[in-house]
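Working notes, beginning with the structure itself.
Nothing in this text is a laboratory measurement; each read-out follows from the coordinates by a stated rule. Remember, it's a predicted structure, so these values are computed and weren't measured experimentally. Please note: Cβ atoms are built from the backbone with ideal geometry, for glycine as well, and neighbour counts cover all protein chains shown.
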Amino acid sequence: MNRQTSLDFRTNAASAIKDAALRKAMRNATDTFGTKRTVAMESVDFSALREKASAIRMEVLDNLPAYIAHFTTQATQAGANVHRAADAAAANSIIADILRSNNVRMVAKGKSMISEETHLNAHLEKEGFEIVETDLGEYIIQLEGETPSHIIVPAIHKNRQQVGRLFADRLGVDYSEDPQVLTKIARRVLREKFLTADAGISGANFALADSGSLVIFTNEGNGRMVTSVPPLHIAILSIEKILPSLADLPTFMRLLPRSATGQMITSYVSILTGNRKAGDATGARELHIVLLDNGRSGILKGDCREILKCIRCGACMNVCPVYRTVGGHAYGWTYPGPMGIVLTTLLTGMAASHPLVDASTLCGACNDACPVKVPLQEMILRQRIRRVSEGFSPASVSMGMHLFGLAVKSPLLFSTGERLAGRFWSVLRSAGGENVAGRLPLPTKLPFSRRMP
Amino acid sequence: MHVQLFGTCLVNTFFPGVGEAVVRIFNRFGVEFSFPKEQTCCGQPAYNAGYIPEAKGAAEHFISAFGGSNDLIVTPSGSCAAMVKHHYPELFRDDPVKLQAAEQVAGRVYELSQFLVNVLKVHETDLTGSGRVTYHSSCHLTRTLGATQEPLALIQALRGVEFVPMPDATRCCGFGGLFMAKLPEISMAIADDKAESIIATGADTVTGCDCGCLMNIADALGKRGSSVKVKHIAELVAEGL
């Protein structure tokens, strides 16, 4: 299990940078997604589509309690049991209770970042349940004992040779680095699990208020197996995933896959409404939907509420120069990259995460990529302001900024500061190549201002 | 035409040659200018670090140093221009009086290449240069100011220069102001990727509109032992005058 924390971001990142395989894998994957995304976007009017998507998401957030109530009524009417969980512990215990009362032993699990946020697997394993991740990437990292390093490509940091060795080690198969062979091996193992699992647990990309439906986008088909083969299906999702109606879905069907993997559409789009009734061909006989808050109602009241528009496509991390260099584990919590900086600091608090607010060059590439127009760059700035006001900015930085604030108002003080810095430059430079001075040129002896008439 | 020149603290301390290149360009094209002596820094380091009172202090000082005039304010930095143009009004959005002053200054500020192309139309005159030149499209210039075409228009107007585009020219170089000091390992790794892209173009010179980024890129190129020269766009244009 990777035990990196957000507080150690700099150390985590520095060691990730030394991992040549990780850096190469990150570069290849993010470049590929970038290229495919550009091509896929050519077939739509991205700027019009994201305006529309943003407006839909914002309208939901502005009326979220009403939408949750409506979704709950409709889903219940369709035969689902809807549970509200205030926090991670509540969600985990609701799910454990459902599994226990159904005498479940083994669970086939579809991909869900919300379950990562609540550490659901660890909780259920402690309670004695066997949990098998069935998304290929999730399966790989489960075997490795890792957490996802990307919200839609959990094993993005691994290359096929590493996966080949992992499968040979853990599954007792012959080593292969052929992705097709490896996929076939996983399919063989997982097929058995789908057929024998007592329950399926999934996430959901969206929930539709007017019909009480869940919407799941997948490429591997495991989402359908998990939600329809076992007799019991539990879906866990956060409260902000709601869309008003089925009529709103096409906008997101166009935007989400294009933004995520650069696909026009995912291989499977499943819309699940209620449990299986007499005469229905598919579906779980018993369906539970767990709606997780875990701090989101609080975010909704603050100045970063727009982060809840996020549809978890990962485009912001794919284009982020920091993320593509250090990978996702360095961020130390569930969500990496620009959206991760904002969500982690909001959901876990500054005390547990303040170094993350520095993990951005403020280049703004995330703002341009976001399909629902979340102003990520501005939110990272807002979190930096919050870090200062909550007292988590290092004393040396605060002192420096205080002096800067004084000097910047006086040309005399400012130029004295510049001269002093110049005087000690050689000392700073000799202190080592990684400090700032070592990377800057020597200050000029005659500043530009003194060359001006 | 009369303008005010905002040199920026990086030019003042590290790259006076860039400022002098701007002056040569102004002289060549008959632009009269003043250099307000009270100018210091636009306050971006404080703003980006979340120190709002300090950033407001810098902004108020800038507004008073450049105030009382309707001249355009020209600066050889996309990042500093973006600070004044977009973030000053945000800083004072709850104070109508100061907001008006901030907007007045914001409306007058031009990044150098925008001024040269959109106002002076320098790219339509006879400019010369030499060699193979590639261009790094710095982040705030590109994404905050939206100056995606002006620097290219200038480079392509230089007779004798072969322009070679850089793949992912708009990808960040890893400078990020204080970012380079706070997370130097990441900053250097990102800059190294940028240096690799630059070297792969086969250009002998890389240019851009921001001294901070160019400084970071020069360091990364130097670490690779590259002979690619790093020049601010003002220097590139001034050389051929």
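Between B:R93 and A:L446, how high is the FRET efficiency from 1/(1 + (r/R0)^6) when r is the Cβ-Cβ distance and R₀ = 35 Å? Nearest 0.05.
Efficiency for this residue pair is about 0.35.
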Worksheet, complete the sentence: Relative contact order of the stretch B:135-214 (C-alpha contacts under 8 Å, at least 6 apart) in percent is 40 percent
Discussion item. Under 8 Å for C-alpha pairs, at least 6 residues apart: give me the relative contact order for chain B, rounded to a whole percent.
Written reply: 20 percent
Worksheet item: Residues of B:14-26, mean number of Cβ from any other protein chain within 10 Å of their own Cβ, rounded to a whole number?
Response: 3
Response to the item:
Taking 0.36 nm per residue of separation between A:L406 and A:D303 and subtracting their Cα-Cα distance, the length gained on full extension comes to 34.2 nm
Worksheet item: So what's the gap between the Cα centers of the stretch A:201-215 and the stretch B:75-114, to the nearest angstrom?
Response: 45 Å
Worksheet entry | Charge dipole (debye, nearest 20) of the stretch B:2-116; +1 at Cβ of Lys and Arg, -1 at Cβ of Asp and Glu | 220 debye
Worksheet item: For the modelled label position 7 Å from the Cα of A:F392 along Cα-to-Cβ, which residues of the stretch B:145-189 have backbone nitrogen atoms closer than 17 Å?
Response: B:183
Practice prompt. Determine the distance separating the Cα centre of the stretch B:127-150 from the Cα centre of the stretch A:282-313; give it in Å without decimals.
Written response: 42 Å
Worksheet item: What translational diffusion coefficient, in µm²/s and rounded to a whole number, does the Stokes-Einstein relation yield for the stretch A:32-126 at 10 °C and a viscosity of 1.306 mPa s, taking the hydrodynamic radius as the Kirkwood radius over Cα pairs?
Response: 93 µm²/s
Worksheet item: Simple spin-label model, 7 Å along Cα-to-Cβ: B:D168 to A:K18 in nm?
Response: 2.4 nm
Worksheet entry | Selection from A:A53, A:P179, A:V322 lying farthest towards where the dipole of chain A points positive, charges on Cβ | A:V322
Response to the item:
Shielding of A:318-328 by other chains, given as the mean Cβ count within 10 Å, works out to 4
Worksheet item: How would you order A:288-294, A:31-37, B:65-71, A:259-265 from highest to lowest mean count of nearby Cβ atoms within 10 Å?
Response: A:288-294, A:259-265, A:31-37, B:65-71
Item to complete: Putting +1 on Lys and Arg Cβ atoms and -1 on Asp and Glu Cβ atoms, find which of A:G79, A:L346, B:A191 reaches farthest to the positive end of the dipole of the protein assembly as shown.
Response: B:A191
Item to complete: In debye, nearest 20, what is the charge dipole magnitude of the protein assembly as shown about its Cα centre with +1 on Lys and Arg Cβ and -1 on Asp and Glu Cβ, if you could check?
Response: 600 debye
Worksheet item: Mind ordering A:45-52, B:8-15 by average Cβ neighbours within 10 Å, highest first?
Response: B:8-15, A:45-52
Response to the item:
Counting only DSSP loop positions in the stretch A:380-453, the trypsin sites (Lys or Arg not before Pro) whose Cβ has at most 14 other Cβ atoms within 10 Å are A:K445
Worksheet entry | Fraction in percent of alpha-carbon pairs per bin - 10 Å, the protein assembly as shown | 3, 14, 23, 24, 17, 11, 6, 2, 0
Worksheet entry | DSSP-defined beta bridges in chain A - what % are antiparallel, rounded to 5 | 25 percent
Discussion item. If each DSSP helix of 4+ residues adds -39,500 (n - 2.57) and the sum is divided by the residues in the protein assembly as shown, what number results at 222 nm, nearest 500 deg cm²/dmol?
Written reply: -14500 deg cm²/dmol
Worksheet item: So how far apart, in nm, are the two label points at A:D97 and A:F424 if each is 7 Å from Cα heading toward Cβ?
Response: 6.1 nm
Worksheet entry | Inter-part distance where the stretch A:29-102 and the stretch A:228-266 are each reduced to a Cα centre, Å | 7 Å
Worksheet item: Say R0 is 25 Å: what FRET efficiency, to the nearest 0.05, do B:S34 and A:S47 get from their beta-carbon distance?
Response: 0.05
Item to complete: Using a 10 Å cut-off on Cβ atoms, rank the peptides A:177-190, A:143-156 from the highest mean neighbour count down.
Response: A:143-156, A:177-190
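I'd like the mean, over residues of B:61-68, of how many other protein chain beta carbons sit within 10 Å of each residue's own Cβ.
1
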Practice prompt. Kindly point out, ordered by number, any Cys in chain A whose beta-carbon has no other cysteine beta-carbon under 4.7 Å away.
Written response: A:C304, A:C310, A:C313, A:C320, A:C370
Fill in: Reciprocal of mean inverse Cα separation for the stretch A:141-182 (Kirkwood radius, Å)
10.7 Å
Response to the item:
Any trypsin sites (Lys or Arg not before Pro) in the stretch A:113-162 that lie in a DSSP loop and have at most 15 other Cβ atoms within 10 Å would be none
